[in-house]
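Trainee: First the structure, which I've put down as structure tokens, then a few questions once you've had a look.
The values are calculated or read from the model by the stated rules, or taken from the named source; none is laboratory data. What you are looking at is a predicted structure, and each value in this text was computed from that prediction instead of being measured. So basically every Cβ, Gly included, is an ideal-geometry build from the backbone, and we count neighbours across all protein chains shown. Side chains included, ligands, DNA and RNA excluded: accessible areas come from the protein's heavy atoms. Shrake-Rupley method; radii C 1.70, N 1.55, O 1.52, S 1.80 Å.
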Amino acid sequence: MQQGGADERSERSRWRLAELGRLLAAAEGYRVLESDGTQVGWLDHVRYERHADRPDEIVVRSRRLLARRRRALPFGVVEEVRPGERTIVLRGAGSA
């Protein structure tokens, strides 16, 4: 019976990753925040290389003074996507 529980958790985890990937695919321009609310930038685009159901990386653009900057972050740092707020929240403070 323990094996069934592990399979169910694994299935939920795969579903959650796929759902995050689906939401990110439509999230261009969303604000990207640390979990503590600090703004990191805006989602520029997502990169797919190894997986079809979720991106491998998200590319975040930011502006510091007059310089524009883009940086790639691994998909694993994404905690949640809030479509109603047009916001992406990253896992843990200082993750980016």
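Trainee: Please report, to one decimal in angstroms, the Kirkwood hydrodynamic radius of region 5-55 built from all distinct Cα-Cα pairs. Don't jump to the answer; show the numbers that get you there.
Mentor: Values: mean 1/r = 0.0801 Å⁻¹.
Every distinct Cα pair counted, the radius reaches 12.5 Å.
Trainee: Using only Cα atoms, find the angle between the long axis of helix 2-25 and the longest principal axis of the chain, and express it within 0 to 90 degrees, rounded to the nearest 10.
Mentor: The helix 2-25 is inclined about 30 degrees to the chain.
Trainee: Next question, about the same structure. Can you give the local net charge around D53? Use residues other than it whose beta-carbon is closer than 9 angstrom to its beta-carbon, Lys and Arg +1, Asp and Glu -1.
Mentor: Taking every Cβ under 9 Å from that of D53, the sum is +3.
Trainee: Please report, to one decimal in angstroms, the Kirkwood hydrodynamic radius of region 7-96 built from all distinct Cα-Cα pairs.
Mentor: 13.3 Å
Trainee: Now a separate question. If we count every other residue with Cβ under 9 angstrom of A18's Cβ, Lys/Arg +1 and Asp/Glu -1, where does the sum land?
Mentor: Once positives and negatives cancel, what remains is +2.
Trainee: Per the 1.4 Å probe, what fraction of the accessible area of the chain, in percent, lies on carbon and sulfur atoms?
Mentor: Answer for the chain: carbon and sulfur cover 49 percent of the accessible area.
Trainee: What number comes out for accessible area per residue over region 15-95 if the probe is 1.4 Å? Units Å², please.
Mentor: About 61 Å² of surface per residue is accessible.
Trainee: Quote the relative contact order of region 1-78 in percent (integer), defining contacts as alpha-carbon pairs under 8 Å separated by 6+ residues.
Mentor: So the answer I get is 19 percent.
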